[in-house]
Every structure is written in C-alpha cells, then in structure tokens.
1. In cubic angstrom, how much convex hull volume per residue do the alpha carbon atoms of the stretch 90-242 span?
2. Mean separation of Cα pairs under 8 Å and 6+ residues apart, divided by the residue count of the stretch 90-242: what relative contact order is that in percent?
3. With a cut-off of at most 14 other beta carbons within 10 Å, and DSSP calling the residue loop, which trypsin sites (Lys or Arg not before Pro) in the stretch 194-227 qualify? Please list them.
4. Out of all DSSP beta bridges with both ends in the stretch 90-242, state the antiparallel percent to the nearest 5.
5. For the stretch 90-242, what is the charge dipole size about the Cα centre, in debye to the nearest 20, if Lys and Arg each add +1 at the Cβ and Asp and Glu each add -1 at the Cβ?
6. Hey, fewest Cβ within 10 Å first, where do VAL96, VAL191, VAL115 land in order?
7. So, counting K/R as plus one and D/E as minus one, what does the shell of residues with Cβ under 12 Å around THR87 add up to?
8. List, in order, the whole-Hz ³J(HN,Hα) value for each residue of the stretch 213-224 obtained from phi through the Karplus relation with A = 6.51, B = -1.76, C = 1.60 and θ = phi - 60°; use x for Gly and Pro.
Amino acid sequence: MMPTPQPPPPGHHGDLPAGVQRTGRQTTLRLTAVPAAEAPPLDGPTRLMAIAAVLALVGFLGLGITRSPAPPQQPLTWSAIAPPASTAIHPWRFIVLHHSASRGGDAQVIDRDHVAQNGWDGIGYHFVLGNGVDMPLGRIEATFRWRQQSHGAHAGALPLQKQFNTDGIGVCLIGNYEKQAIDPLVERRLVELCARLIDRVPTLSVGRIIGHRDVPGKSTACPGRGIDLERIRYLVRQELMARGMTVR
C-alpha cells in the first residue's frame, strides 16, 4: 500500500525562493529594502545602460518643457486669416517661403529684431508658422503686413527683387530647415495656408510658390534643404482639388 501524501506543514513552501510565499492559488513576492552600501556593485555594461537610461529620460523631460505641445488642429479656414472686411485684397503674385534659421522664435521676436537690426517699420513677413519652440507647433500668425495688405520686406533690396516685396506674400517658418526636416504638422499647416491664399487671391497660383533662394539676385539656401518646394506645390494642388477650391 502506498503511503498517503501528507500536506506540507504550515510555513513550508516547497522549492520557492526566499522571500516568496504561496497563499492558496496566489503567489506573493515580498521585497526587502537593501541599504546602498550592501547592494552588489554594477558591472560595466549594466552601469553604462543605467547612465544611458537616465540621460534619455532627462532629454525627454527637457524636450517636453521647452517644446510647446501641438494643440488639436482644425483645418485652416479663410476667416481665421482674412484681413478686415474693409481692407481690399492686394493683387499678390507670389508666395515666398523663408525659414528663421533659428531653433525657435515667434512673430514678436522677429518684429523686434527687424526693427532694431534693419531699421524697418516692423516684421518683414506676412505670416509666421511656429515649430513648437517659443511658438506652438503649427500655429499660424498673421502679421500687421497681411492685416493691412501692406508690402513685405523679406525678398531683398535690389531693384529686380522689388516685385517680390511689393507683390510677394512672405511666409516665415520658424526653425532651421537647412539642418532639419520640416515637421509633418508644420508642412500640413503650410499647405493649408498656401491653398487658402491661392483660392482667395486670383492673381496667385501654385507655380508661384517659391523659396527665398529663387528670388533673382539672392545668394541664400533659404528656406533650407529640409523644405521640398516641389512636394509643397504638389500637396497644395492636391489640397485645392480635395476641397473643391480653384486650382491655378
């Protein structure tokens, strides 16, 4: 006759590791704090991994503090950028794209710099698009030049560049796009802005979306290699067709 198995005595837990107790169908783990002086030393690879993890966390937190979060974006409407009803729309012929060539900034910073450094009557652009540093990601700010339908001061001072100031809408994207690619949200907002302008200003066309570097006599990479103008024109054309706007 086989002996009848006996239940384990109270407090006995078979082959479970120290610190682990089995209660009914559940197994619980009890952790005991160990003083730092008694903790085993980390080997080289483990120490490097720990340092890398801490640095990555610090970098992530720093980015979250300095980079403004992107608010939920609705499709851009004409009413959001339209000048006052009493102001006649100028017969603009060009949309000239620029970048600030800086990490961050906003319309107020550029306005102050253009007055102090260039002696102008204010910011030279008609629109500024934020990149999330100092100005929320994707935000579009219309400056006094657009609200007043006034000429720009962004293309250059040579006689052959004058028409790109008097008849060119200057759009400045905050950021250095010679060193980085354009953020998808910023690109989307730029496309929406160009589409709205072309739809409402009959003298504009997709083919007249140009970069600052395309202005005759300019020796500049602006708005930077990170902005693909052919792609922007293609996306603007697609936006116009998708929304039933006039494609020119």
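1. Roughly 103 Å³ of hull volume per residue.
2. Over the stretch 90-242, the number comes to 31 percent.
3. Passing both the DSSP loop test and the Cβ count: ARG225.
4. Close to 20 percent.
5. 280
6. Result, fewest neighbours first: VAL115, VAL191, VAL96.
7. For residues surrounding THR87, the net value is +2.
8. Per-residue couplings from phi come out as 5, 8, 5, x, x, 8, 10, 8, 8, 4, x, x Hz.
Coordinate-derived values only; no laboratory data. Just so it is clear, the structure is predicted and the values come from calculations on it, not from any experiment. So basically every Cβ, Gly included, is an ideal-geometry build from the backbone, and we count neighbours across all protein chains shown.
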